[in-house]
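Colleague: My structure is below; once you've seen it, I'll send some questions.
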Amino acid sequence: MLLTALIIFVANKLYMKRLLALTLISIIFSCNNNNSKDIDPDIVPPSSGIAAPLEMNYTIIAQYPHDTSAYTQGLQLYNGKMYEGTGDFANSSLRITNYKTGAVEKKHMIGTDKIFGEGINIFKNKLYQLTWQSHIVYVYDLKNLDKPIKTFNWPYEGWGITNNGTDLIISDGSANIYYVDAETFKVKSTIAVRNDKGPVDSLNELEFIDGFIYANIYTWRLIVKIDPESGIVKGIMRFDNILAPGDSNDRTDYFNGIAWDSTSRTMLVTGKRWPKMYELRTN
(Lines give C-alpha, C1' and ligand atoms only; values in the text may rest on other atoms or scores of the structure.)
Protein backbone atom coordinates (compact mmCIF):
# COMPACT_ATOMS: atom_id res chain seq x y z
CA MET A 1 0.00 0.00 0.00
CA LEU A 2 2.78 2.38 0.93
CA LEU A 3 4.65 1.50 -2.26
CA THR A 4 1.57 2.22 -4.38
CA ALA A 5 1.06 5.62 -2.77
CA LEU A 6 4.70 6.52 -3.38
CA ILE A 7 4.47 5.61 -7.06
CA ILE A 8 1.32 7.77 -7.49
CA PHE A 9 3.03 10.71 -5.71
CA VAL A 10 6.09 10.57 -8.00
CA ALA A 11 3.91 10.22 -11.11
CA ASN A 12 1.90 13.32 -10.13
CA LYS A 13 5.10 15.29 -9.58
CA LEU A 14 6.41 14.33 -13.05
CA TYR A 15 3.05 15.14 -14.63
CA MET A 16 2.98 18.60 -13.03
CA LYS A 17 6.54 19.36 -14.20
CA ARG A 18 5.67 18.30 -17.74
CA LEU A 19 2.49 20.34 -17.70
CA LEU A 20 4.42 23.38 -16.46
CA ALA A 21 7.03 22.94 -19.19
CA LEU A 22 4.40 22.66 -21.89
CA THR A 23 2.63 25.74 -20.55
CA LEU A 24 5.86 27.78 -20.61
CA ILE A 25 6.60 26.66 -24.16
CA SER A 26 3.07 27.59 -25.22
CA ILE A 27 3.44 31.05 -23.65
CA ILE A 28 6.80 31.64 -25.33
CA PHE A 29 5.49 30.70 -28.80
CA SER A 30 2.33 32.68 -28.22
CA CYS A 31 4.38 35.79 -27.38
CA ASN A 32 6.60 35.30 -30.40
CA ASN A 33 3.58 34.93 -32.67
CA ASN A 34 1.98 38.09 -31.31
CA ASN A 35 5.20 40.06 -31.77
CA SER A 36 5.51 38.77 -35.29
CA LYS A 37 2.05 40.00 -36.19
CA ASP A 38 2.72 43.44 -34.69
CA ILE A 39 6.16 44.04 -36.16
CA ASP A 40 6.49 42.23 -39.47
CA PRO A 41 4.20 44.47 -41.56
CA ASP A 42 6.24 47.51 -40.56
CA ILE A 43 9.59 45.89 -41.23
CA VAL A 44 8.68 44.09 -44.44
CA PRO A 45 5.74 45.76 -46.19
CA PRO A 46 3.81 43.59 -48.60
CA SER A 47 5.14 43.55 -52.15
CA SER A 48 3.27 45.87 -54.50
CA GLY A 49 4.14 43.78 -57.50
CA ILE A 50 5.31 46.97 -59.26
CA ALA A 51 8.88 47.22 -60.51
CA ALA A 52 10.95 50.14 -59.26
CA PRO A 53 11.16 52.96 -61.84
CA LEU A 54 14.23 53.01 -64.04
CA GLU A 55 16.78 55.77 -63.49
CA MET A 56 16.82 57.90 -66.66
CA ASN A 57 20.10 59.56 -67.56
CA TYR A 58 20.40 62.74 -69.59
CA THR A 59 22.95 65.22 -70.94
CA ILE A 60 22.51 68.99 -70.69
CA ILE A 61 23.33 70.36 -74.13
CA ALA A 62 22.53 74.08 -73.62
CA GLN A 63 21.59 76.70 -71.04
CA TYR A 64 19.47 79.78 -71.75
CA PRO A 65 18.48 82.89 -69.75
CA HIS A 66 15.14 82.74 -67.95
CA ASP A 67 13.16 85.64 -66.52
CA THR A 68 13.58 85.52 -62.74
CA SER A 69 10.22 87.24 -62.27
CA ALA A 70 8.48 84.22 -63.85
CA TYR A 71 6.99 81.93 -61.21
CA THR A 72 6.81 79.10 -63.73
CA GLN A 73 3.70 76.93 -63.59
CA GLY A 74 3.23 75.79 -67.19
CA LEU A 75 5.62 75.48 -70.12
CA GLN A 76 5.05 74.48 -73.74
CA LEU A 77 7.11 74.91 -76.89
CA TYR A 78 4.88 75.52 -79.91
CA ASN A 79 6.02 76.54 -83.42
CA GLY A 80 9.40 77.61 -82.10
CA LYS A 81 7.99 79.88 -79.39
CA MET A 82 7.91 79.16 -75.68
CA TYR A 83 4.51 79.65 -74.05
CA GLU A 84 4.72 80.04 -70.30
CA GLY A 85 2.08 80.34 -67.62
CA THR A 86 3.17 81.89 -64.34
CA GLY A 87 1.65 82.10 -60.87
CA ASP A 88 2.15 84.09 -57.66
CA PHE A 89 -1.31 85.75 -57.45
CA ALA A 90 -1.07 89.35 -58.73
CA ASN A 91 2.01 88.49 -60.78
CA SER A 92 0.29 85.61 -62.59
CA SER A 93 0.57 85.85 -66.35
CA LEU A 94 0.42 84.16 -69.71
CA ARG A 95 3.42 84.94 -71.89
CA ILE A 96 5.27 84.12 -75.09
CA THR A 97 9.06 84.15 -74.91
CA ASN A 98 12.11 83.59 -77.04
CA TYR A 99 13.54 80.82 -74.90
CA LYS A 100 17.04 81.11 -76.38
CA THR A 101 17.40 84.76 -75.36
CA GLY A 102 14.97 84.82 -72.44
CA ALA A 103 13.18 87.84 -73.94
CA VAL A 104 9.48 88.13 -73.12
CA GLU A 105 7.75 88.98 -76.41
CA LYS A 106 4.17 89.11 -75.14
CA LYS A 107 2.60 89.10 -71.69
CA HIS A 108 -1.04 88.94 -70.63
CA MET A 109 -1.58 89.50 -66.90
CA ILE A 110 -4.33 87.41 -65.28
CA GLY A 111 -3.50 87.55 -61.58
CA THR A 112 -5.39 89.18 -58.71
CA ASP A 113 -5.39 88.66 -54.98
CA LYS A 114 -7.67 85.65 -55.66
CA ILE A 115 -6.47 84.38 -59.06
CA PHE A 116 -3.26 82.35 -59.07
CA GLY A 117 -2.18 81.14 -62.51
CA GLU A 118 -1.18 77.50 -63.03
CA GLY A 119 -0.47 75.12 -65.89
CA ILE A 120 -1.09 75.84 -69.59
CA ASN A 121 -1.55 73.74 -72.69
CA ILE A 122 -2.15 74.36 -76.38
CA PHE A 123 -4.68 71.99 -77.95
CA LYS A 124 -6.48 72.34 -81.28
CA ASN A 125 -5.58 76.02 -81.74
CA LYS A 126 -6.72 76.96 -78.27
CA LEU A 127 -4.67 77.66 -75.16
CA TYR A 128 -6.02 76.44 -71.82
CA GLN A 129 -4.79 78.03 -68.59
CA LEU A 130 -5.62 76.60 -65.17
CA THR A 131 -5.87 78.53 -61.93
CA TRP A 132 -4.93 77.16 -58.55
CA GLN A 133 -7.87 77.35 -56.12
CA SER A 134 -10.41 79.57 -57.87
CA HIS A 135 -11.66 76.67 -60.06
CA ILE A 136 -11.48 78.82 -63.22
CA VAL A 137 -10.02 77.63 -66.53
CA TYR A 138 -9.31 80.32 -69.11
CA VAL A 139 -9.54 79.41 -72.80
CA TYR A 140 -7.88 81.58 -75.43
CA ASP A 141 -7.86 81.58 -79.20
CA LEU A 142 -4.20 80.98 -79.96
CA LYS A 143 -4.20 83.98 -82.33
CA ASN A 144 -5.20 86.36 -79.55
CA LEU A 145 -4.03 85.90 -75.98
CA ASP A 146 -5.25 89.31 -74.81
CA LYS A 147 -8.65 88.05 -73.72
CA PRO A 148 -10.16 84.62 -73.03
CA ILE A 149 -12.88 83.46 -75.41
CA LYS A 150 -14.51 81.35 -72.67
CA THR A 151 -14.03 79.97 -69.20
CA PHE A 152 -14.76 76.61 -67.61
CA ASN A 153 -15.30 75.56 -64.03
CA TRP A 154 -12.85 72.95 -62.72
CA PRO A 155 -13.98 71.28 -59.47
CA TYR A 156 -10.49 70.51 -58.19
CA GLU A 157 -7.31 72.53 -57.72
CA GLY A 158 -5.57 73.32 -60.98
CA TRP A 159 -1.91 72.29 -61.22
CA GLY A 160 -0.59 70.86 -64.49
CA ILE A 161 -2.11 70.27 -67.91
CA THR A 162 -1.10 68.57 -71.17
CA ASN A 163 -2.83 66.52 -73.90
CA ASN A 164 -2.46 63.20 -75.69
CA GLY A 165 -3.94 64.34 -79.00
CA THR A 166 -7.45 63.31 -77.92
CA ASP A 167 -8.06 64.58 -74.40
CA LEU A 168 -6.67 67.15 -72.03
CA ILE A 169 -4.72 65.58 -69.13
CA ILE A 170 -4.81 67.42 -65.81
CA SER A 171 -3.20 67.12 -62.37
CA ASP A 172 -4.54 68.61 -59.14
CA GLY A 173 -1.62 68.13 -56.73
CA SER A 174 -2.76 64.68 -55.62
CA ALA A 175 -1.81 61.27 -57.06
CA ASN A 176 -4.69 61.54 -59.54
CA ILE A 177 -4.49 62.36 -63.22
CA TYR A 178 -7.71 63.27 -65.01
CA TYR A 179 -8.57 62.79 -68.69
CA VAL A 180 -10.84 65.66 -69.67
CA ASP A 181 -13.00 66.48 -72.69
CA ALA A 182 -11.67 69.75 -74.09
CA GLU A 183 -15.07 70.92 -75.35
CA THR A 184 -17.03 70.42 -72.14
CA PHE A 185 -14.27 70.13 -69.53
CA LYS A 186 -15.98 67.06 -68.11
CA VAL A 187 -13.81 64.31 -66.62
CA LYS A 188 -13.86 61.22 -68.84
CA SER A 189 -11.62 59.00 -66.71
CA THR A 190 -9.10 59.11 -63.88
CA ILE A 191 -5.91 57.18 -63.14
CA ALA A 192 -4.02 56.94 -59.85
CA VAL A 193 -0.25 57.33 -60.16
CA ARG A 194 1.88 54.92 -58.14
CA ASN A 195 5.30 53.32 -57.99
CA ASP A 196 6.72 50.34 -56.12
CA LYS A 197 6.42 52.25 -52.82
CA GLY A 198 2.80 53.33 -53.21
CA PRO A 199 0.88 56.41 -54.44
CA VAL A 200 2.89 59.27 -55.96
CA ASP A 201 1.27 62.59 -55.16
CA SER A 202 2.14 66.28 -55.63
CA LEU A 203 2.02 65.82 -59.41
CA ASN A 204 2.56 69.25 -60.87
CA GLU A 205 3.54 70.42 -64.37
CA LEU A 206 2.82 67.85 -67.09
CA GLU A 207 4.12 67.09 -70.59
CA PHE A 208 3.07 64.28 -72.94
CA ILE A 209 6.13 62.85 -74.70
CA ASP A 210 6.24 59.78 -76.95
CA GLY A 211 3.21 58.15 -75.39
CA PHE A 212 4.10 58.84 -71.75
CA ILE A 213 3.16 61.52 -69.24
CA TYR A 214 6.12 63.34 -67.70
CA ALA A 215 5.43 65.16 -64.43
CA ASN A 216 7.26 67.41 -62.02
CA ILE A 217 6.84 66.45 -58.36
CA TYR A 218 6.22 69.59 -56.33
CA THR A 219 9.10 70.55 -53.98
CA TRP A 220 11.41 67.90 -55.52
CA ARG A 221 13.99 68.31 -58.25
CA LEU A 222 12.85 65.33 -60.22
CA ILE A 223 10.58 64.29 -63.08
CA VAL A 224 8.67 61.02 -63.29
CA LYS A 225 7.67 59.16 -66.44
CA ILE A 226 4.15 57.74 -66.11
CA ASP A 227 2.35 55.07 -68.10
CA PRO A 228 -0.84 56.88 -69.19
CA GLU A 229 -3.06 53.78 -68.92
CA SER A 230 -1.94 52.11 -65.70
CA GLY A 231 -0.60 55.16 -63.85
CA ILE A 232 2.57 53.25 -62.98
CA VAL A 233 5.79 55.27 -62.81
CA LYS A 234 8.18 53.74 -65.32
CA GLY A 235 11.13 56.10 -65.01
CA ILE A 236 12.62 58.88 -62.92
CA MET A 237 14.93 61.77 -63.81
CA ARG A 238 16.86 63.49 -61.02
CA PHE A 239 17.96 67.13 -61.14
CA ASP A 240 19.46 67.65 -57.68
CA ASN A 241 22.55 69.46 -58.92
CA ILE A 242 21.25 71.16 -62.05
CA LEU A 243 21.14 74.66 -60.54
CA ALA A 244 24.56 76.01 -59.66
CA PRO A 245 24.84 77.53 -56.13
CA GLY A 246 25.68 80.91 -57.60
CA ASP A 247 22.43 80.92 -59.58
CA SER A 248 20.23 80.71 -56.51
CA ASN A 249 19.03 83.37 -54.08
CA ASP A 250 16.25 83.77 -51.51
CA ARG A 251 13.64 84.25 -54.27
CA THR A 252 14.61 81.15 -56.23
CA ASP A 253 11.82 78.64 -55.77
CA TYR A 254 11.04 75.04 -56.73
CA PHE A 255 12.00 73.14 -59.85
CA ASN A 256 9.03 73.24 -62.25
CA GLY A 257 8.41 73.34 -65.98
CA ILE A 258 8.79 70.76 -68.76
CA ALA A 259 8.66 71.49 -72.49
CA TRP A 260 9.32 69.10 -75.38
CA ASP A 261 10.92 70.01 -78.70
CA SER A 262 9.67 67.30 -81.05
CA THR A 263 11.95 68.51 -83.85
CA SER A 264 15.25 68.26 -81.99
CA ARG A 265 13.84 65.64 -79.60
CA THR A 266 15.13 67.53 -76.60
CA MET A 267 13.52 68.54 -73.33
CA LEU A 268 13.59 72.01 -71.76
CA VAL A 269 13.27 72.42 -68.00
CA THR A 270 13.42 75.29 -65.54
CA GLY A 271 12.03 76.40 -62.17
CA LYS A 272 10.03 79.10 -60.46
CA ARG A 273 12.01 82.34 -60.69
CA TRP A 274 15.03 80.43 -61.95
CA PRO A 275 17.63 82.42 -63.91
CA LYS A 276 18.17 79.64 -66.44
CA MET A 277 16.37 77.19 -68.66
CA TYR A 278 18.16 73.95 -69.54
CA GLU A 279 17.96 71.97 -72.75
CA LEU A 280 18.75 68.29 -72.37
CA ARG A 281 18.75 65.03 -74.23
CA THR A 282 18.01 61.69 -72.60
CA ASN A 283 20.75 59.09 -73.01
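The values are calculated or read from the model by the stated rules, or taken from the named source; none is laboratory data. Here the structure is a predicted model, which means the values were calculated and not measured. Note that we place each Cβ from the backbone using ideal geometry, even for glycine, and neighbour counts take in every protein chain shown. Surface accessibility is based on the protein's heavy atoms, side chains included, excluding ligands, DNA and RNA. Shrake-Rupley method; radii C 1.70, N 1.55, O 1.52, S 1.80 Å.
Colleague: Would you tally the net charge around ILE242, using a Cβ to Cβ cut-off of less than 13 Å, leaving ILE242 out, and scoring K and R as +1, D and E as -1?
Modeller: Working: positive: ARG221, ARG238, LYS276; negative: ASP240, ASP247, GLU279.
Overall, the nearby charge balance is 0.
Colleague: Relative to the Cα centre, what is the charge dipole magnitude of the stretch 145-283, using +1 at the beta carbon of each Lys and Arg, -1 at the beta carbon of each Asp and Glu, and rounding to the nearest 20 debye?
Modeller: Details: 16 positive and 19 negative charges, 36 e Å.
Value, rounded to 20: 180 debye.
Colleague: Between ASP247 and LEU54, how high is the FRET efficiency from 1/(1 + (r/R0)^6) when r is the Cβ-Cβ distance and R₀ = 25 Å? Nearest 0.05.
Modeller: Computed FRET efficiency for ASP247 and LEU54: 0.30.
Colleague: Counting heavy atoms of the protein chains only and a 1.4 Å probe, report the per residue accessible area for the stretch 100-257 as a whole number of Å².
Modeller: Accessible area per residue: 47 Å².
Colleague: Provide the per-residue ³J(HN,Hα) series for the stretch 217-228, in order, calculated from phi with Karplus coefficients 6.51, -1.76, 1.60 and θ = phi - 60°, each as a whole number of Hz, with x at glycine and proline positions.
Modeller: Residue by residue, the stretch 217-228 yields 10, 4, 6, 10, 8, 7, 10, 10, 9, 10, 5, x Hz.
Colleague: Take VAL104 and GLN133, extend 7 Å from each Cα along the Cα→Cβ direction, and tell me the distance between the two endpoints in nm.
Modeller: Between VAL104 and GLN133, the simple spin-label model gives 2.4 nm.
Colleague: Give the residue from ALA52, THR86, ASN125 lying farthest towards the positive end of the charge dipole for the stretch 48-137; charges sit on Cβ (+1 for Lys and Arg, -1 for Asp and Glu) and the dipole is referred to the Cα centre.
Modeller: Positive-most Cα among the choices belongs to ASN125.
Colleague: Further question: What is the distance in Å between the Cα centroid of the stretch 247-283 and that of the stretch 203-233?
Modeller: About 15 Å separates the Cα centre of the stretch 247-283 from the one of the stretch 203-233.
Colleague: For LYS276, list the aspartates and glutamates whose Cα falls under 12 Å from its own Cα; do not include residues on the same chain fewer than 8 positions away.
Modeller: Straight-line reach from LYS276, under 12 Å: ASP67, ASP247.
Colleague: Excluding residues fewer than 8 places away in the same chain, name every one of the aspartates and glutamates whose C-alpha is closer than 16 Å to that of LYS186.
Modeller: Straight-line reach from LYS186, under 16 Å: GLU157, ASP167, ASP172.
Colleague: Not counting ligands, DNA or RNA, and with a 1.4 Å probe, what is ASP146's accessible surface area in Å² rounded to the nearest 10?
Modeller: ASP146 has an accessible surface of roughly 90 Å² with all protein chains in place.
Colleague: Here's a follow-up. Highest mean first, how do 54-61, 270-277, 119-126 rank when packing is the count of other Cβ atoms within 10 Å averaged over residues?
Modeller: 270-277, 119-126, 54-61
Colleague: Among the lysines, select those whose C-alpha is under 17 Å from the C-alpha of LYS147, and discard any that sit fewer than 8 residues away in the same chain.
Modeller: LYS106, LYS107, LYS126
Colleague: Please go through the residue pairs LYS143/LYS225; LYS100/LYS124; LYS114/LYS272 and name each one whose alpha carbons sit more than 28 Å apart in this structure.
Modeller: The pairs that break the limit, which is 28 Å between Cα atoms, are LYS143/LYS225.
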